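For reference, the structure is listed below as structure tokens.
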Amino acid sequence: MSFRTRRNKTQPRVLFRHQIKAMAAAAESLPARSPSHHDMPPGNASDAGIPGLFTSQPPIIDALETESSQLQQETIDECLPFLSGEEHAGKCNQHGIPRLDKQRHVKFLQKQLGRLPPQMTAADPSRPWFFYWSLAALALLGEDVSAYRERLVETVRPVQNPGGGFGGGFGQDSHLATTYATVLALMLVGGEEAYDVIDRHAMWEWLCSLKQADGGFQMVVGGEEDVRGAYCASVLISVLGIPLEMSPDSLAYAAGHKSLFSGLGEWVGRCQTYEGGVAAVPGIEAHGAYAFCALGCLSILDAPHRSIPKYMNMPRLIAWLSSRQYAPEGGFSGRTNKLVDGCYSHWVGGCWPLIQAALSGPSSGEARSADQQAADTGSLFSRDGLIRYILCCCQDQTLRGGLRDKPSKYSDAYHTCYVLSGLSSAQHKWTLKVARPAGSAGGADEWEAMPYIEDEQIFNEDDRIGITHPIYVIPQHKVEAAWEYYGSKTTE
Ligand code: FPP
Ligand code: K
């Protein structure tokens with residue numbers, strides 16, 4: 001499944017120097033030791049206070065060499081000079097961490113929002129994503145994005161279809177992904193003018209037509225149904241305060257679904273795979289991006305401590321999510337036997353606050369069980385590992401700025417958004433403060449973010465960025481402002 005090539009048995013196996021070393025060492029002292037100073041190649045930054053885990057080759061190497069294992073080895077070799085400080089010559093703090101280059105990243109993002117030739121604006125179906133990625137990232141870097149309100153409103157207004165939802169550009173069919181991106185971008189710039197662009201009645205009708213008899217959502221009428229649809233639809237319903245009652249004209253209503261949320265948790269639950277992760281649709285390979293979509297959707301359907309354990313096998317899910325964090329890189333991969341990528345700082349990293357809430361339950365209002373109390377200590381992943389990967393490996397160091405997948409890749413708006421979202425969640429602790437009453441469909445929970453404080457903080461305090469809501473991935477106050485506005489409107 002994951003191994004693409006098999007080594008010919010008669011072919012001599014070439015061992016890397018560190019593999020021989022690791023095997024010899026492992027044979028000497030079983031079980032394998034944890035990495036120590038002795039594992040480090042000479043001349044690395046051990047004095048800079050970088051734990052050997054992040055500067056050494058892995059102590060245990062799978063003996064089966066494949067295309068996947070070779071790519072993995074190349075990635076480790078690519079990242080080590082960045083993790084050891086070698087590539088940041090003299091620009092690291094005492095923990096071997098370079099500063100977050102906010103100024104250059106802001107410039108990069110502003111450029112992404114720059115005017116494109118008008119014909120291109122209409123032709124590029126992923127244009128709304130650029131609005132969302134860039135504005136969300138700018139907000140995380142502390143920029144006031146309301147200055148983009150007028151331009152955004154004028155740009156997206158003609159892209160809304162009379163039948164509900166937004167396409168990628170003028171004249172394009174409504175799609176859940178572009179609608180999600182457009183709506184979140186509008187919430188980011190905020191203000192009545194932005195909120196009023198959205199035709200919520202038409203949006204409701206369109207969502208009813210996307211709802212399927214099996215409980216899930218198609219991305220586009222007649223198109224594919226997957227867990228992105230489940231997440232995008234629930235975000236839209238929740239943020240915009242769309243009524244849950246299904247339109248009696250819809251096919252899913254005829255199939256027995258009286259609510260937009262009916263059967264959705266069950267459908268999402270079917271996407272969990274034997275590995276414990278979540279696939280786009282039932283029966284295929286688990287991937288981190290879909291795990292986030294699944295947990296985000298379930299956390300909208302009901303409070304996460306009720307809905308996530310109800311539809312997911314928690315031990316398997318947690319084991320799979322934990323396996324996504326690699327050493328020495330420190331970052332996350334999206335799936336088994338694949339490489340770290342900065343964007344999974346969000347897709348996988350963003351699962352942890354939801355898992356934490358699922359395990360710990362709300363901090364007030366309900367008595368906590370002993371298990372829930374026990375779950376509320378420490379961190380479920382290595383925050384320092386992720387922060388190291390992000391600050392050492394994911395920042396473009398040229399004048400270009402922006403954040404990236406890994407050192408060999410160029411920065412882009414997508415990675416800048418999701419790397420920064422992951423950095424934010426590693427730097428903060430989210431708590432489910434008060435859960436909605438059990439059985440109140442569509443209600444909202446109260447979440448609270450606090451800076452995550454460690455005895456020895458590895459990053460400079462000035463580099464702690466803004467917060468982003470663990471479900472909606474825009475700042476919490478922007479979600480609340482939207483709720484307040486739409487809550488004051490009578491529902492059609
Ligand atoms: C594999 O790419 C990537 C996927 C299978 C998932 C892509 C989906 C998203 C990024 C998120 C969608 C979410 C919403 C809300 C629309 P790859 O094979 O290039 O990367 P890999 O090797 O890291 O798996
Ligand atoms: K990738």
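When residues in segment 343-386 are screened for being over 30 Å from P98 (Cα atoms), part of a helix (DSSP H, G or I) and either among the polar types (S, T, N, Q) or within 16 Å of ligand 2 (Cβ to nearest atom) (or both), 3 of them pass. All of A286, A230, A213, A202 fail the test of being assigned to a loop (DSSP other than H, G, I, E, B) and either open to solvent by less than 10 Å² (accessible area, probe 1.4 Å) or closer than 16 Å to G164 by Cα (or both), apart from A286. The residue pairs whose first member lies in segment 327-342 and is within 12 Å of ligand 2 (Cβ to nearest atom), whose second member is assigned to a loop (DSSP other than H, G, I, E, B) and among the β-branched types (V, I, T), and whose beta carbons are closer than 6 Å, counting only pairs six or more residues apart or on different chains, are F332/V348.
Restricting the search to segment 289-324, which residues are away from ligand 2 (no atom under 16 Å from the Cβ) and under 30 Å from G85 (Cβ atoms)? Don't jump to the end; show me each part of the working.
Filtering segment 289-324 for residues away from ligand 2 (no atom under 16 Å from the Cβ) gives 293-323.
Matches in segment 289-324: L321, S322, S323.
Please verify whether K310 is outside any helix (DSSP H, G or I) and either within 16 Å of ligand 1 (Cβ to nearest atom) or modelled with pLDDT of 95 or more (or both), treating the condition exactly as stated. Answer is no for this residue. Checking each residue in segment 410-424 for being open to solvent by 10 Å² or more (accessible area, probe 1.4 Å) and closer than 19 Å to P98 by Cα picks out Y410, H415. For segment 438-459, the set of residues classified as open to solvent by 60 Å² or more (accessible area, probe 1.4 Å) and within 27 Å of A177 (Cβ to Cβ) consists of A441 only.
Do the conditions hold for K406, that is, is it in contact with a strand residue (DSSP E or B) (Cβ under 7 Å, 6 or more places away or on another chain) and within 30 Å of F261 (Cα to Cα)? Considered against the rule, which asks whether it is in contact with a strand residue (DSSP E or B) (Cβ under 7 Å, 6 or more places away or on another chain) and within 30 Å of F261 (Cα to Cα), K406 comes out as no.
Is there a residue in segment 428-437 that is hydroxyl-bearing (S, T, Y), exposed (fewer than 15 other Cβ atoms within 10 Å of the Cβ) and farther than 21 Å from K338 by Cβ? No.
Has segment 387-402 got at least one residue that is on the phi > 0 side of the Ramachandran plot, outside any helix (DSSP H, G or I) and buried (at least 24 other Cβ atoms within 10 Å of the Cβ)?
yes
Within segment 174-196, the residues that satisfy the criterion of being closer than 17 Å to G241 by Cα, open to solvent by 10 Å² or more (accessible area, probe 1.4 Å) and part of a loop (DSSP other than H, G, I, E, B) are G191, D196.
Identify, please: which residue in segment 461-492 is in a loop (DSSP other than H, G, I, E, B) and β-branched (V, I, T) and is, among those, most open to solvent (accessible area, probe 1.4 Å)? So that I can check it myself, show each step before the final result.
Step one: filter segment 461-492 for residues in a loop (DSSP other than H, G, I, E, B), giving 464-475, 488-492.
Adding the requirement that they be β-branched (V, I, T) leaves 465, 467-468, 471, 473-474, 490-491.
Working: I465: 11, I467: 53, T468: 15, I471: 5, V473: 4, I474: 1, T490: 122, T491: 85 Å².
Only one residue tops the list, namely T490.
The values are calculated or read from the model by the stated rules, or taken from the named source; none is laboratory data. Nothing here was measured: the structure is a model prediction, and the numbers come from that model. Virtual Cβ from ideal backbone geometry, glycine too; neighbours counted across all protein chains shown. For accessibility, only protein heavy atoms count, side chains too; no ligands or nucleic acids. Shrake-Rupley method; radii C 1.70, N 1.55, O 1.52, S 1.80 Å.
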